[in-house]
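Accompanying notes for the structure given below.
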Amino acid sequence: MVPSPATIMRLRYFVRVGVRIAGAVLVAFSMVLAAGVLLGFVSQFVSGQGIRLGFVLAGLLTVLGPGMVGLLLVALAPKVARWLVPIPTYRCPQCDYPLAGVTEGFCPECGLVLGEEVVEAGRRISAGPGRGG
Ligand SMILES: [Zn+2]
């Protein structure tokens, strides 16, 4: 099965949205945990046990870590999508010659007979609008 450029773009869109949602969930999760740590700090302060600032800071850093990762995920979602869903380059299985634009039923470099599917894919890649993205 050979994905068309439109299929690749659609896949990338879904990956991008998925990564953004995952990042947002991480940020929200981290916010809730941070709120918990702050509440613990406040209750400690109110009950007069004194302020253990180092403990609070360590707790905040620990719970904010996933949030940082989440923010990174949201920011880098397009890059992640490009990385996870690359635009395939069709190459001859025998000599690695790039087959985009090849319309004959054989590799122009080594003469290997190609399946109709490979030829069709090369035609689509060379004709498709899928550049960059
Ligand atoms: Zn070849």
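The values are calculated or read from the model by the stated rules, or taken from the named source; none is laboratory data. Computed from a prediction, not measured in an experiment: that's the story for all the values here. Cβ: placed from backbone, ideal geometry, glycine included. Neighbour counts: every protein chain shown.
A quick yes/no check of all residues on (1) within 16 Å of the ligand (Cβ to nearest atom); (2) in a helix (DSSP H, G or I); (3) out of contact with any Cys (no Cβ under 7 Å at 6 or more places or on another chain):
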{"residue": "ARG20", "(1), (2), (3)": "no, yes, yes"}
{"residue": "SER30", "(1), (2), (3)": "no, yes, yes"}
{"residue": "LEU38", "(1), (2), (3)": "no, yes, yes"}
{"residue": "VAL56", "(1), (2), (3)": "no, yes, yes"}
{"residue": "MET68", "(1), (2), (3)": "no, yes, yes"}
{"residue": "PRO78", "(1), (2), (3)": "no, yes, yes"}
{"residue": "ARG82", "(1), (2), (3)": "no, yes, yes"}
{"residue": "ALA100", "(1), (2), (3)": "yes, no, yes"}
{"residue": "GLU109", "(1), (2), (3)": "yes, no, no"}
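Is it the case that LEU84 is closer than 30 Å to GLU116 by Cβ and modelled with pLDDT of 85 or more?
Details: closer than 30 Å to GLU116 by Cβ: yes; modelled with pLDDT of 85 or more: yes.
Considered against the rule, which asks whether it is closer than 30 Å to GLU116 by Cβ and modelled with pLDDT of 85 or more, LEU84 comes out as yes.
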Go through the residues of segment 119-128 one by one and say whether even a single one is closer than 30 Å to ARG10 by Cα and modelled with pLDDT of 90 or more. no
Select from segment 107-118 the residues that are over 18 Å from THR7 (Cβ atoms) and not small (Gly, Ala, Ser) and write down the one among them that is modelled with the highest pLDDT. CYS110
